[in-house]
Amino acid sequence: MAKTTNPFTFLQQVRSETAKVTWPSRRETMISTVMVLGFAIIAMIFFFAADQLMAFAVEQILGMGR
């Protein structure tokens, strides 16, 4: 059975652990954000193109051209 901790002790432990965290700088956060957005845009373009290509192929195969 797990030992219960009173809320005050728990909050002290949380504060202690939070102080140990190495937080990213504003610059690191901005670089990461831009990279995520960039890769999301690249993925969006890729999947849009793949979807259009497959839709065209299916239309051609089924003889239902646009």
Residues located in segment 1-24, provided they are of a type in the set (D, E, K, R) and modelled with pLDDT of 90 or more: ARG15, GLU17, LYS20
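Residues checked against (1) surrounded by 10 or more Cβ atoms within 10 Å (Cβ to Cβ); (2) in a helix (DSSP H, G or I):
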position	(1), (2)
THR5	yes, no
PHE10	yes, yes
THR18	no, yes
GLU28	yes, yes
LEU37	yes, yes
ILE41	yes, yes
ALA49	yes, yes
ALA57	yes, yes
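The values are calculated or read from the model by the stated rules, or taken from the named source; none is laboratory data. Please read all numbers here as calculations on a predicted model, not as lab measurements. For neighbour counting, all protein chains shown are included, and Cβ atoms are generated from backbone atoms with ideal geometry for every residue, glycine included.
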